[in-house]
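Colleague: Below is the structure I would like to discuss, written out as structure tokens.
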Amino acid sequence: MARPLIMAANWKMHLAPAAARDFARAFLSGFVARPDRRYWFFPSAVSIEATAAAFAGAERVSVGCQDVHWEPKGAYTGATSVPLAKGAGASLALVGHSERRHVFGETDADTARKVASAHGGGLTPLLCVGEQLAEREAGTTEAVVLRQLRAALGGQDVGLIGAVVVAYEPVWAIGTGKTATPADAGLVHRAIRSELVRMGHPSPLILYGGSVNEGNVAGLAAEPEIDGVLVGGASLDPAAWRRICEVP
Ligand code: PGA
């Protein structure tokens, strides 16, 4: 049997509730979930409830929040707390996505607090790490990614570390049409995996993200170090996303 894979869709700032419901209907029509796959959807916070309801009962499907605040409640205009996301139907939380880090200025320390609040509140954290182009060109990819990992997870208890799923998303590959080769991604995944094991993670799962599409998903899925994909642009069309999810 093929290795288990997690197929994760990050819808970013797209798909209002009605569009998310239409997506789910089109995606699920005739869809057979594979026992060795998980299908994760990260809608905008306003569409979590509609997405969770539309996928209710669909096998191996989970819904998550694209970002969470570290406080469970309070005067934080515009933010989504873990209990709010959970109440809307989320069971996962993206944390430290590069757009949160580089567009919204989130720090490694913010990311650490968010991972802890997601886990503490009962959401599985999907922690994103990845280097920028200048860092790759300077040969510091591994150092950057491991720093992000240690900053987010260092000092956390092993229960939390063991619950985290990681996505390696090189910033230069996100939304640019450029992808890391499976072998290049595999090298970074190997470094992340050994660091997670050193920290006490019993069985790390590491997704790759950055311009994954129908043309390159087979090569990435065949790389033994890659346990799944996190996909933005190519996850917005239900037919195309289904073809990606059905990669052999
Ligand atoms: P992309 O985005 O597939 O559009 O490159 C991936 C992501 O940001 O998670």
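Colleague: Which is the longest run of the chain containing none of the chymotrypsin sites (Phe, Trp or Tyr not before Pro) found in DSSP loop states (not H, G, I, E, B) with at most 14 other C-beta atoms within 10 Å?
Modeller: Numbers: sites that count: TYR76, PHE104.
Maximal segment without exposed cleavage sites: 105-248.
Colleague: For the chain, what is the mean residue ellipticity at 222 nm derived from helices alone (per DSSP H run of n ≥ 4: -39500 (n - 2.57); sum divided by total residues; nearest 500 deg cm²/dmol)?
Modeller: After summing the helix terms and dividing by residue count, I get -11500 deg cm²/dmol.
Colleague: Along the range 164-178, what does the Karplus equation 6.51 cos²θ - 1.76 cosθ + 1.60 (θ = phi - 60°) give for ³J(HN,Hα), rounded to whole Hz, x for Gly and Pro?
Modeller: Once θ is set to phi - 60°, the couplings for the range 164-178 become 7, 10, 10, 10, 8, 10, x, 4, 5, 9, 7, x, 10, x, 9 Hz.
Colleague: Is the shape of the range 39-121 best called rounded, prolate or oblate, per the rule: a/c under 1.5 gives rounded, else a/b larger than b/c gives prolate, else oblate, with a ≥ b ≥ c the square roots of the Cα gyration tensor eigenvalues?
Modeller: It is prolate, given that a/c is not under 1.5 and a/b is the larger ratio.
Colleague: Could you work out what % of the accessible surface of the chain is carbon and sulfur, using a 1.4 angstrom probe and leaving DNA, RNA and ligands out of the count?
Modeller: Heavy-atom surface of the chain belonging to carbon and sulfur, 1.4 Å probe: 57 percent.
Colleague: For the range 5-245, just the Cα set please: Rg and Dmax, both in angstrom.
Modeller: 16.7, 48
Colleague: Separate question: Where the centre of each part is set by its Cα atoms, how far does the range 36-63 sit from the range 194-248, in angstrom?
Modeller: After rounding, the separation between the Cα centres reads 17 Å.
Colleague: Fully extended, how many nm does the chain gain between GLU137 and ALA56 (0.36 nm per residue separation, minus their Cα-Cα distance)?
Modeller: 24.7 nm
Colleague: For ALA79 and VAL197 in the same chain, what is the full-extension length gain: residue separation times 0.36 nm, less their Cα-Cα distance, in nm?
Modeller: My answer for the length gained is 39.2 nm.
Colleague: Got the relative contact order for the chain handy, in percent, Cα pairs under 8 Å and 6 or more residues apart?
Modeller: Worked out over the chain, it gives 19 percent.
Colleague: Given a cut-off of under 8 Å on Cα pairs at least six residues apart, what relative contact order in percent is computed for the range 191-234?
Modeller: Numbers: 44 pairs, mean separation 17.5, N = 44.
After rounding, I find 40 percent.
Colleague: Under a GNM of the chain (C-alpha, springs under 10 Å), which listed residue has the highest mean-square fluctuation: GLY210, GLY139, GLY89?
Modeller: For the chain, modelled as a Gaussian network with Cα springs under 10 Å, the answer is GLY139.
Colleague: Pick from ALA221, ALA50, ALA26 the residue whose mean-square fluctuation is largest in a GNM of the chain, springs joining Cα atoms under 10 Å.
Modeller: ALA26
Colleague: Report LYS178's accessible area, 1.4 Å probe, all protein chains in place, as a number in Å² to the nearest 10.
Modeller: Estimated to the nearest 10 Å², LYS178 gives 110 Å².
Colleague: Whole-Hz ³J(HN,Hα) for each residue in the range 6-20, computed from phi via Karplus 6.51 cos²θ - 1.76 cosθ + 1.60 with θ = phi - 60°, x for glycine and proline: what do you get?
Modeller: Karplus-based 3J(HN,Hα) across the range 6-20 equals 9, 10, 10, 9, 10, 7, 6, 9, 9, 6, 5, x, 5, 5, 5 Hz.
Colleague: Calculate, for the range 158-230, the solvent-accessible area per residue in square angstrom, rolling a 1.4 angstrom probe over the heavy atoms of the protein chains.
Modeller: Working: 2600 Å² over 73 residues.
Value for the range 158-230: 36 Å² per residue.
The values are calculated or read from the model by the stated rules, or taken from the named source; none is laboratory data. The shown structure was predicted, so the numbers you read here are calculated from the model rather than taken from an experiment. Here the Cβ is made from the backbone with ideal geometry for all residues, glycine too, and neighbour counts use every protein chain on show. Remember, those area values only see protein heavy atoms, side chains included, never the ligands or the DNA or RNA. Shrake-Rupley method; radii C 1.70, N 1.55, O 1.52, S 1.80 Å.
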